[in-house]
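Asker: Right, I'll just put the structure down here and ask away after.
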Amino acid sequence: MELAIGRERGSPIRVCTGIPCDIHWSAELGGYRVQIPKGELVYIENFFGREVSDRAISYFQENDSFDWKSHCWRGVSHDHFQAIQFANIQWKQEYIGMYGRRIPLPRLTSLYADADLSYSYSGLVSTANEWNKGLLYLRERVESFAGHRFNSVLLNWYRDGKDGLSWHADDEPELGRNPIIASASFGSSRDFTLRMNHDHQLKLTLPLRHG
């Protein structure tokens, strides 16, 4: 069973019965504070604003081959995709080994980070690209709000509703013991869902909207 739980302004956050949590609107933050077991979230529906968010989508997809606004990226072959020159982001298709086969991840990815950093997940090791002007602008906006410095960003491009990210714990050693993570979404709304380790039916879902 799911209940919509919130205070004052009618929270869009969905919480399953059985999860002890407290959700409060904060006028100071312009969003919701969410206290959950062993953690705290801050949820802001439109952090970057429409102008910056629209520009971000364009920035991420600008290339020398297709009109990013209308092209169906799902239909681009691997070889053709490899030949595309993206103006700002070095997108790639990563693969994992499963049952003796090489399976493409259901998304495109790109890692940007401080010098000499790499990131391991799902049995993959990603070498980072150098920060660029656009990503530094977004990072600085987030850092100014969070009061915390972030040393990397893993970009995930979900081309359509078939792409996504499976359950994971963000517990890789390079993230540290108690990592602080910022997540932003641009484009169509996507659900960001957390679940309890001891009972996977107990979930909390935040709709990540444009910006």
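The values are calculated or read from the model by the stated rules, or taken from the named source; none is laboratory data. Here the structure is a predicted model, which means the values were calculated and not measured. Cβ placement follows ideal geometry from the backbone for every residue including glycine, while neighbour counts extend to all protein chains displayed.
Asker: For region 70-113, which positions are outside any loop (DSSP other than H, G, I, E, B), touching a Phe, Trp or Tyr at 6+ places or on another chain (Cβ under 6 Å) and under 21 Å from residue 153 (Cβ atoms)?
Answerer: Passing the criteria: 108, 110, 111, 112.
Asker: Which one of 68, 131 is in contact with an Asp or Glu (Cβ under 8 Å, 6 or more places away or on another chain) and more than 24 Å from residue 164 (Cβ to Cβ)? Steps first, please.
Answerer: Values: 68 fails: more than 24 Å from residue 164 (Cβ to Cβ).
Sole residue among the options that is in contact with an Asp or Glu (Cβ under 8 Å, 6 or more places away or on another chain) and more than 24 Å from residue 164 (Cβ to Cβ): 131.
Asker: Same structure again: Restricting to region 29-53, name every residue that is among the acidic types (Asp, Glu) and either without any contact (Cβ under 8 Å) to a residue 12 or more places away in the chain or in contact with a helix residue (DSSP H, G or I) (Cβ under 6 Å, 6 or more places away or on another chain) (or both). If you could, list the steps in order and put the result at the bottom.
Answerer: Residues of region 29-53 that are among the acidic types (Asp, Glu), as a first pass: 40, 45, 51.
If the condition is that a residue be among the acidic types (Asp, Glu) and either without any contact (Cβ under 8 Å) to a residue 12 or more places away in the chain or in contact with a helix residue (DSSP H, G or I) (Cβ under 6 Å, 6 or more places away or on another chain) (or both), then 40, 51 are the ones that fit.
Asker: What is the number of the single condition among (1) crowded, with 17+ Cβ neighbours inside 10 Å; (2) more than 15 Å from the chain's Cα centre (by Cα) that residue 209 does not meet?
Answerer: (2)
Asker: May I ask you to list the residues in region 44-72 that are surrounded by 17 or more Cβ atoms within 10 Å (Cβ to Cβ) and either at pLDDT below 95 or touching a His at 6+ places or on another chain (Cβ under 7 Å) (or both)?
Answerer: Residue satisfying the conditions is 53 alone.
Asker: Take region 73-108 and flag every residue that is under 23 Å from residue 133 (Cα atoms) and of a type in the set (Lys, Arg). Spell out how you get there, then give the answer.
Answerer: To start, the set of residues in region 73-108 that are under 23 Å from residue 133 (Cα atoms) comprises 84-92, 108.
Of everything in region 73-108, just one residue is under 23 Å from residue 133 (Cα atoms) and of a type in the set (Lys, Arg), namely 92.
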